[in-house]
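These notes concern the structure reproduced below.
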């Protein structure tokens, strides 16, 4: 480790780096959904437009090798954070305009591609900037601050916009449209935060000697190696079953996640719960994320003790069965904030508990040669499994109503549960346990 790096305490940059990794993803995938709903778009438009924003995460394995060729990962981090700050400011500036949908989507596309590229650079830089023993220690820290970004984005930021909308803060601000004002100020806040993070990282990120462009490879070599890696992924045993699991395990959730918040915000006449923006931020973005985190912690504990094979079916049920709570909320027109909070917390706890099965399966199928690349290809299929079903979720909900939509989402969980049952028999009994990892 060089002298410059020794002066950089990891606590000075790991928390901010992974907060910066999580925040734009949350803004693109969740905050944008709430904003567009409040700005008057239909569920069909919201789900279609925001689901397309998954595309950079679907195809990022195509350009991730080139991050090694051009500049340093530290340079990529600084460049992408600057672009993200500019994109946030662009969204904020054009929200009050008549063409806000088209222009804001253009900036969200820029934000999505910059965020996906930032993910690649940050995860690579993590390995360069830390000693091996530090890497294992800070894995938990980086995950915590990624979740903190989720709480801030889905929770506190949405609540901030809601308070402006209701006139609880900035009440004296002159505006004919407080909804547009609230979201414009929220995204200006994001731009300011990201600008501060960018400046901080410009000076505080270490400069490890190992973080340098690779001279031993070129673009032609990369494409040849990528083709080989991609081909070997599709030669894995039980390929059809593997793809079935990757694409269907979250089939119900991929649609529900696009409609859950619009459902809470929509009017009773439209079948919604008519909750305020601030209430949705508090319920879904704060309590929900905390429950999700607790579910994830518990899942890690039980797998390490009992093994992945033992827990894959309970986890498949945990991520899918609680979707029935949305059927009940829609059918019974639940308007009690504490009751809605309890339902969302339970559903998110199940999601956090059950999603670990997906992560473990990705690790399982990535074993062997090209492990890192195969894991990345697996995550691309994961993003595709969220993107394509999500695109039609709004159209379905607009045509059959919220109650029947949530029934449909529950029916869509069945293929994933069946896929989990089918793949279970090929998983070693000790995989995921401490003994199995030794």
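Bear in mind these aren't lab numbers, they're just calculated from the coordinates by the rules spelled out. None of these values were measured; they are calculated from a predicted model. Note that each Cβ is placed from the backbone with ideal geometry, even for glycine, and that neighbours are counted across all protein chains shown.
For 277, 229, 117, the sequence from fewest to most other C-beta atoms within 10 Å is 229, 117, 277. For the chain, a Gaussian network of Cα nodes joined below 10 Å ranks 196, 149, 420 by mean-square fluctuation, and the top entry is 196.
Per the Cα gyration tensor, the stretch 225-427 maps to an equivalent ellipsoid with semi-axes of 33, 18, 14 Å, ordered largest to smallest. Using a simple spin-label model with pseudo-atoms 7 Å out from Cα toward Cβ, residue 99 and residue 334 lie 4.4 nm apart. With neighbours defined as other Cβ atoms within 10 Å of a residue's Cβ, the residues 274, 182 order from fewest to most as 274, 182. Equivalent-ellipsoid semi-axes for the stretch 1-122 (Cα gyration tensor, √(5λ), whole Å, largest first): 31, 15, 12. Panel order for 123, 176, by other beta carbons found within 10 Å of each beta carbon, from fewest to most: 176, 123.
Over all pairs of different C-alpha atoms, the stretch 1-211 has a mean inverse distance whose reciprocal, the Kirkwood radius, equals 17.9 Å. Taking 0.36 nm per residue of sequence separation and removing the Cα-Cα distance, the residue 62/residue 171 pair yields an extension gain of 34.5 nm.
Go ahead and set up a Gaussian network model of the chain, Cα springs under 10 Å, then flag whichever of 381, 203, 355 fluctuates most. It is 203. The mean sequence distance of close C-alpha pairs (under 8 Å, at least 6 residues apart), as a share of the length of the stretch 1-211, puts its relative contact order at 40 percent. In terms of the mean number of neighbouring beta-carbon atoms within 10 Å, the peptides 366-374, 138-146 order highest first as 138-146, 366-374. Dividing the mean sequence gap of close Cα pairs (under 8 Å, 6+ apart) by how many residues the stretch 225-427 holds gives a relative contact order of 39 percent.
The per residue volume of the convex hull around the alpha-carbon atoms of the stretch 331-411 is 107 Å³.
Convex hull volume of the C-alpha atoms in the stretch 227-266, normalised per residue: 68 Å³.
Measuring how big the chain is from its alpha-carbon positions, Rg and Dmax come out at 21.8, 65 Å.
Eigen-decomposition of the gyration tensor built on the alpha-carbon atoms of the stretch 219-333 gives equivalent ellipsoid semi-axes of 36, 21, 15 angstrom, largest listed first. Projecting label points 7 angstrom from Cα along Cα→Cβ for residue 304 and residue 276 puts them 4.2 nm apart. Dividing the summed helix terms, -39500 (n - 2.57) for each DSSP H run of n ≥ 4, by the number of residues in the chain produces a 222 nm estimate of -24000 deg cm²/dmol to the nearest 500. Using C-alpha pairs below 8 Å separated by at least 6 residues, the relative contact order for the chain is 26 percent. Ordering of 344-350, 220-226 by packing is 344-350, 220-226, highest average first (other Cβ atoms within 10 Å, averaged per residue).
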